[in-house]
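*Asks:* One structure follows; several queries about it will come next.
Bear in mind that the values in this text are calculations on the coordinates, not laboratory data. Since we're looking at a predicted model, the values are computed, not measured. All Cβ positions, even for glycine, are placed from backbone atoms using ideal geometry, and neighbour counts span all protein chains on display.
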Amino acid sequence: MSEAADIRADLNRRLESEGVVIRGPVTPAYAEILTPEALRFVASLHREFNPTRQRLLRRRAEIQAEINAGKLPDFLAETEEIRRADWQVAPAPPDLRKRWVEITGPVDRKMMINALNSGADVYMADFEDAFSPTWAGVVEGQINLRDAVDGTIEYVSPEGRLYRLAEKTAVLMVRPRGWHLDEKHVLVDGEQVSASLFDFGLFFYHNARKLIDKGTGPYFYIPKLENHLEARLWNDVFNRAQELLGIRPGTIRATVLIETILAAFEMEEILYELRNHSGGLNFGRWDYIFSFIKKFFSFQEYVFPDRAQVTMDKHFLKSLALLLVNTCHRRGAHAIGGMAAQIPARDPEVNERNIAKVREDKEREISQGFDGTWVAHPWLVPVVREMFEQRMPGPDQRHLIHEDLHVTAADLLRVPEGDITEGGLRTNVNVGVRYLESWLRGIGAASINYLMEDTATVEISRAQIQQWLRHRATLNDGRPVTEALVRQVFAEELDRIRAELGPEAWAESRFELAAKVLQEEIIFRPAFVEFLPLVAYNYID
C-alpha cells in the first residue's frame with residue numbers, strides 16, 4: 001500500500017464508529033485538514049441539516065413542475081408582511097464596510113496569493129463556479145486557505161519565482177459549493193456528504209477562530225439559492241456551527257448571490273432570513289441568464305437571442321439590478337455588482353477595447369447605486385478602483401434609494417429582443433466545449449478569447465442550444481436549429497480546435513470527451529439536466 005492509502009486506512013479506522021468514510025487519497029498534507037475532529041464537525045452538520053437540504057431540493061423540482069404547468073413566478077403573498085415591515089440587517093463589520101473592488105478566483109495557490117495581493121478590497125476564494133471539484137483541488141484548496149489565513153502561504157514557480165503575501169491583503173471570503181452538489185469522496189452514514197457543508201465546515205472549523213483573532217471573521221459567499229427557505233437553512237447552519245465551536249452568534253457574514261430567477265422574487269425574504277449574518281446581495285448576472293432559460297425551457301415565448309445580445313441594458317436585467325440595489329439599501333445591506341471577466345492580452349488595442357467595455361459596465365453599476373463590483377483579474381483592480389474613487393464620496397452608497405422605482409413580475413420576466421445567428425450557435429459550441437475540456441482537466445477558471453470564463457459560460461452555452469433545439473428556433477438566415485445542424489457545428493468547431501492545437505496537444509487534451517458529454521449526456525438528452533457539473537463530476541477524480 002502507498003503512504004496515502006495507509007493514512008486513509010488509518011483515518012477510516014479511527015472514524016469507523018462515527019459513520020464517516022474517506023474514499024479519496026489522504027497524503028500527510030491532506031491529513032492536516034482531514035483530521036478526525038474536523039470530519040466529525042462536518043458529519044454533525046450533515047446529519048442535522050442534510051434532510052432539510054434534500055427536502056428543499058425536492059421542492060425545487062415541485063416548483064419547476066408548477067412553472068411547466070403555467071404558474072409563473074411572482075412576489076410571494078405569504079411573505080408580504082416581511083416586505084412591508086421595518087427591519088435592518090446587522091451592521092457590516094469594519095473590514096466589510098468598503099467593498100468597492102472584489103476579485104474572485106479559484107483556490108489555486110498562486111492565484112490566491114496574487115488575488116490577496118491585488119489591491120482589491122475583498123478576495124472571494126471560489127470552490128464553486130470558477131472551480132473544478134477534483135479531490136486534489138478540494139483538499140489542497142483548504143490547505144491553501146489555511147496557509148493564507150496563517151499568513152504563511154508561499155508558491156515557487158517552475159522558473160524559481162517566489163510568491164508570498166504582501167503586508168496588506170484583501171479581506172478573505174469563501175464561496176462553498178451550492179446546495180445541489182455532493183462530495184463523492186466522503187461518506188456520512190453511507191451517503192455522500194453535502195458539498196456545501198463539506199466546504200463550509202472544513203474552512204470554518206480550521207480558520208474561524210484564527211480569523212476572529214486577527215480582527216476579521218469567517219465571511220462567505222452563498223451561491224445558487226432559489227428561495228428564502230434555502231437561505232433559512234444556511235442561517236440555521238451558521239447558528240449551529242458557531243454554537244459548536246463556541247463562537248458568538250452573528251460572527252459569520254454571508255453575501256448571497258442572486259443568480260437564479262426565482263431568488264429575484266424573494267430578495268427581501270433572503271435578507272430577512274440571514275439578517276443577523278447578512279453581508280448583502282450580489283448580482284450574479286451570467287448564472288442568472290442561465291437560470292432564466294432553464295426555468296422557462298418549455299415555453300416557446302421565452303426563447304432567448306444570441307447571448308452576446310443579452311446585455312445589461314436589457315429591460316429584465318436592468319430591472320433586477322435596480323430592484324436589488326433598492327432591496328439592499330432599504331435594509332442597510334451592501335449591493336455588489338457583477339463580474340468583469342476581461343483579462344490582459346498581448347495586443348494593446350485589444351486591451352484598450354476591453355478596458356473601455358469594463359469602464360462602461362462599471363459606470364452603469366455605480367450610477368445604478370451598487371456599492372462595489374467584481375473583477376476576475378488583478379489587471380482590472382486599479383482601473384475599477386479609480387472609478388469608484390472618483391464617483392464615491394464614502395465607502396458605499398447605501399443612502400441611495402430609487403424612490404420612484406416600481407418593478408413588477410412582468411419586468412423581471414420580459415424576454416430580451418434580438419436575433420439567433422449561426423455565429424451565436426458556433427460561439428456557444430466553441431466556448432462551451434473549450435471550457436468543459438478545461439474543467440475536465442481540473443481547471444475551473446479558463447482563459448478563452450481574453451475572458452476568464454467559469455461554469456456559467458458552459459451552462460449558458462448548452463442551455464441556449466437546447467432551448468433553440470427544443471423549439472426549432474430559426475436562425476436569422478431562415479434555417480431552423482436542428483440536431484443535424486448542431487452536430488455539424490460541433491464537428492466543424494472541433495476540427496478548428498484540433499488544427500489550432502496540433503496532433504500532439506490534441507492527443508493529450510480532453511476535447512473529444514468534452515464534446516461527447518455535452519452532446520450525448522446534456523444537449524441531446526430528452527430531459528433538461530439541472531446543472532452540468534452533476535453529470536461532468538462523474539468524469540473527474
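*Asks:* Give me the one-decimal nm value for the distance between modelled label points at Y302 and S367, 7 Å along each residue's Cα-to-Cβ direction.
*Replies:* 3.0
*Asks:* Would you calculate a helix-derived [θ] at 222 nm for the chain, using -39,500 (n - 2.57) for each DSSP H run of n ≥ 4 and dividing by the full residue count, to the nearest 500?
*Replies:* Computed ellipticity for the chain at 222 nm equals -15000 deg cm²/dmol.
*Asks:* Additional query: 7 Å from Cα along Cα→Cβ at both L485 and S17: what's the point-to-point distance in nm?
*Replies:* Each label point lies 7 Å from its Cα, and together they span 6.6 nm.
*Asks:* Rounded, prolate or oblate: which fits the chain, taking a ≥ b ≥ c as square roots of the Cα gyration tensor eigenvalues, rounded meaning a/c under 1.5, else prolate when a/b beats b/c?
*Replies:* Rounded shape, in that the Cα axes give a/c under 1.5.
*Asks:* Also, quick follow-up: What does the C-alpha gyration tensor say about the overall shape of the range 307-393? Classify as rounded when a/c is under 1.5, otherwise prolate if a/b is larger than b/c, or oblate.
*Replies:* Because a/c hits 1.5 or more and a/b fails to exceed b/c, the range 307-393 counts as oblate.
*Asks:* Taking a label point 7 Å from the Cα of K71 along the Cα→Cβ vector, which residues of the range 275-306 have an amide N closer than 18 Å to it?
*Replies:* The answer is 295-299, whose backbone nitrogens lie closer than 18 Å to the label point.
*Asks:* When only C-alpha pairs under 8 Å and at least 6 residues apart count, what is the relative contact order of the chain, in percent?
*Replies:* Here the relative contact order equals 16 percent.
*Asks:* List the residues, sorted by chain then number, that are 5 or more residues from V101 or on another chain and whose placed amide H is less than 5 Å from its amide H.
*Replies:* D121, V122, T373
*Asks:* Let me ask something additional. Evaluate the charge dipole of the chain about its Cα centre and quote only its size in Debye, nearest 20, assuming +1 on the Cβ of each Lys and Arg and -1 on the Cβ of each Asp and Glu.
*Replies:* For this selection, approximately 500 debye.
*Asks:* Determine the percent antiparallel among the DSSP beta bridges restricted to the chain, to the nearest 5.
*Replies:* Values: 15 of 43 bridges.
Restricted to the chain, the bridges split so that about 35 percent are antiparallel.
*Asks:* Okay, moving on. Can you tell me the FRET efficiency between A356 and L400 if r is taken as the Cβ-Cβ distance and R0 is 25 Å, rounded to the nearest 0.05? List each step's numbers first, then the result.
*Replies:* Numbers: r = 26 Å, r/R0 = 1.02.
Result of the calculation: an efficiency of 0.45.
*Asks:* I would also like to ask the following. Quick check: residue separation of D86 and L534 times 0.36 nm, minus the Cα distance between them. What number comes out in nm?
*Replies:* 157.2 nm
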